[in-house]
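Peer 1: A single structure is presented below for examination.
The values are calculated or read from the model by the stated rules, or taken from the named source; none is laboratory data. Just so you know, these numbers come straight off a predicted model, no measurement behind them. Reconstructed Cβ throughout: ideal geometry from the backbone, glycine too, with neighbour counts over all protein chains shown. Surface areas here come from the heavy atoms of the whole protein model, side chains and all, with no ligands, DNA or RNA. Shrake-Rupley method; radii C 1.70, N 1.55, O 1.52, S 1.80 Å.
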Amino acid sequence: MFIHNSITTLILIAHFLGDYHFQSESLSKAKNKHYHALAKHLAIHGFLLLISWILSWQISLFGLFLTIWMSHVIIDILKVTIQRNWSFKAKQLPYIYLIDQLLHIAAILIISQYLFPASGEISLVIPILILKWMLLIVLITKPANITFKILFNQYQNYSNHQTETVTVPGAGAMIGNLERILSAIFLSLNALSSIGLIYTAKSIARFKLIEENQGFAEYYLIGTLYSILFVVTAYALIF
């Protein structure tokens with residue numbers, strides 16, 4: 001577990017909400033081309049951090065939240081500037097994405113736990129256990145889906161002329177969200193065998209397509225293993 005206090009947990013929740021849940025795909029693309037879109041994204045982060053500061057009930061922590069927001073501004077401006085002035089190959093974009101997120105998370109941890117160590121002595125009205133579950137759910141849903149698409153985009157071209165499948169838009173992402181949430185619940189209950197039932201049911205639903213399409217079968221296996229690894233890692237780090 002690397003989270004030592006409620007304030008850090010609260011700020012991480014605000015970060016993942018701002019970078020994923022409250023950021024549409026169109027805004028994500030536009031902020032790399034237009035500064036007004038970037039300003040909108042940064043304003044959303046500022047608003048979420050303002051709400052987090054209000055929830056802390058500590059006027060003395062305003063400097064902490066302001067510093068966190070300024071670090072986000074600096075990192076995002078640097079990223080946009082670099083992407084505008086240098087052309088990157090498609091295979092390099094996942095590394096840029098990972099570096100960007102790691103810088104944001106590292107900044108939050110360093111600022112909240114080392115530059116403002118007094119924040120660790122503050123208890124919020126919301127119990128730390130609830131905050132950790134909020135962080136876990138916020139992290140293993142949309143952020144997990146987007147991260148998978150970015151890191152494993154090259155494996156998505158699995159279609160062939162022999163198999164034509166019609167799916168409901170967004171169904172795959174929803175299934176992934178539910179399977180990771182259920183996996184987290186079973187992890188907390190130490191019911192590890194029950195996790196296997198989730199992925200067994202998922203495999204049954206896709207059995208025919210897995211059998212007929214080798215490319216899809218491989219992509220499906222990558223997605224399943226990624227989903228398990230993501231939720232187990234997130235749970236271990238948060239709890």
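Peer 1: Which residue pairs have Cβ atoms under 9 Å apart, sit 6 or more places apart or on different chains, and have a first residue in the stretch 197-208 that is in contact (Cβ under 8 Å) with a residue 24 or more places away in the chain and loosely packed, with under 15 Cβ neighbours inside 10 Å and a second that is in a helix (DSSP H, G or I) and hydroxyl-bearing (Ser, Thr, Tyr)?
Peer 2: Hits for this filter: zero, empty list.
Peer 1: Read through the list (1) aliphatic (A, V, I, L, M); (2) at pLDDT 90 or above; (3) open to solvent by less than 90 Å² (accessible area, probe 1.4 Å), then give the number of the only condition that Ala171 fails.
Peer 2: All conditions are met except number (2).
Peer 1: Here's a follow-up. Taking the condition of a type in the set (A, V, I, L, M, F, W, C) and free of Cβ contacts under 8 Å to residues at least 40 places away in the same chain, does Leu102 pass?
Peer 2: Values: of a type in the set (A, V, I, L, M, F, W, C): yes; free of Cβ contacts under 8 Å to residues at least 40 places away in the same chain: yes.
So Leu102 passes the test.
Peer 1: How many residues are open to solvent by less than 70 Å² (accessible area, probe 1.4 Å) and out of contact with any Ser or Thr (no Cβ under 7 Å at 6 or more places or on another chain) when one looks only at the stretch 211-224? Don't jump to the end; show me each part of the working.
Peer 2: Step one: filter the stretch 211-224 for residues open to solvent by less than 70 Å² (accessible area, probe 1.4 Å), giving 213, 215-217, 219-220, 222-224.
Then drop every residue that is not out of contact with any Ser or Thr (no Cβ under 7 Å at 6 or more places or on another chain), which leaves 215-217, 219-220, 222-224.
Qualifying residue count for the region: 8.
Peer 1: Continuing with the same structure: Condition first: part of a helix (DSSP H, G or I) and either β-branched (Val, Ile, Thr) or open to solvent by 40 Å² or more (accessible area, probe 1.4 Å) (or both). Now tell me which residues in the stretch 1-16 satisfy that.
Peer 2: Filtering the stretch 1-16 for residues part of a helix (DSSP H, G or I) gives 6-16.
Across the stretch 1-16, the qualifying residues are Ile7, Thr8, Thr9, Ile11, Ile13.
Peer 1: Taking the stretch 209-239, which residues are in contact (Cβ under 8 Å) with a residue 60 or more places away in the chain and either of a type in the set (Phe, Trp, Tyr) or in contact with an Asp or Glu (Cβ under 9 Å, 6 or more places away or on another chain) (or both)?
Peer 2: Tyr219, Tyr226, Ser227, Phe230, Val231, Tyr235, Phe239 - these are the residues of the stretch 209-239 that are in contact (Cβ under 8 Å) with a residue 60 or more places away in the chain and either of a type in the set (Phe, Trp, Tyr) or in contact with an Asp or Glu (Cβ under 9 Å, 6 or more places away or on another chain) (or both).
Peer 1: Considering every residue within the stretch 170-178, establish whether at least one is touching a residue at least 40 places away in the same chain (Cβ under 8 Å) and within 25 Å of the chain's Cα centre (by Cα).
Peer 2: Residues of the stretch 170-178 touching a residue at least 40 places away in the same chain (Cβ under 8 Å): 176.
Then drop every residue that is not within 25 Å of the chain's Cα centre (by Cα), which leaves 176.
Yes; the residues of the stretch 170-178 include at least one that is touching a residue at least 40 places away in the same chain (Cβ under 8 Å) and within 25 Å of the chain's Cα centre (by Cα).
Peer 1: I would also like to ask the following. Restricting to the stretch 26-50, give me the number of residues that are open to solvent by less than 70 Å² (accessible area, probe 1.4 Å) and either β-branched (Val, Ile, Thr) or part of a helix (DSSP H, G or I) (or both).
Peer 2: First, the residues of the stretch 26-50 that are open to solvent by less than 70 Å² (accessible area, probe 1.4 Å): 27-28, 30-32, 37-39, 41-46, 48-49.
Adding the requirement that they be either β-branched (Val, Ile, Thr) or part of a helix (DSSP H, G or I) (or both) leaves 27-28, 30, 37-39, 41-46, 48-49.
Total meeting the criteria: 14.
Peer 1: Among the residues in the stretch 44-51, are any in contact with a helix residue (DSSP H, G or I) (Cβ under 8 Å, 6 or more places away or on another chain) and farther than 22 Å from Ile126 by Cα?
Peer 2: Within the stretch 44-51, the subset in contact with a helix residue (DSSP H, G or I) (Cβ under 8 Å, 6 or more places away or on another chain) is 44-46, 48-51.
With the extra rule that they be farther than 22 Å from Ile126 by Cα, the set shrinks to 44.
Yes, some residue in the stretch 44-51 is in contact with a helix residue (DSSP H, G or I) (Cβ under 8 Å, 6 or more places away or on another chain) and farther than 22 Å from Ile126 by Cα.
Peer 1: Where residues in the stretch 51-68 are free of Cβ contacts under 8 Å to residues at least 24 places away in the same chain and among the aromatic types (Phe, Trp, Tyr), which of them is most open to solvent (accessible area, probe 1.4 Å)?
Peer 2: Step one: filter the stretch 51-68 for residues free of Cβ contacts under 8 Å to residues at least 24 places away in the same chain, giving 53-54, 59, 62, 66.
Applying the additional criterion that residues be among the aromatic types (Phe, Trp, Tyr) yields 53, 62.
On the way: Trp53: 58, Phe62: 97 Å².
Looking at the filtered set, the residue picked out is Phe62.
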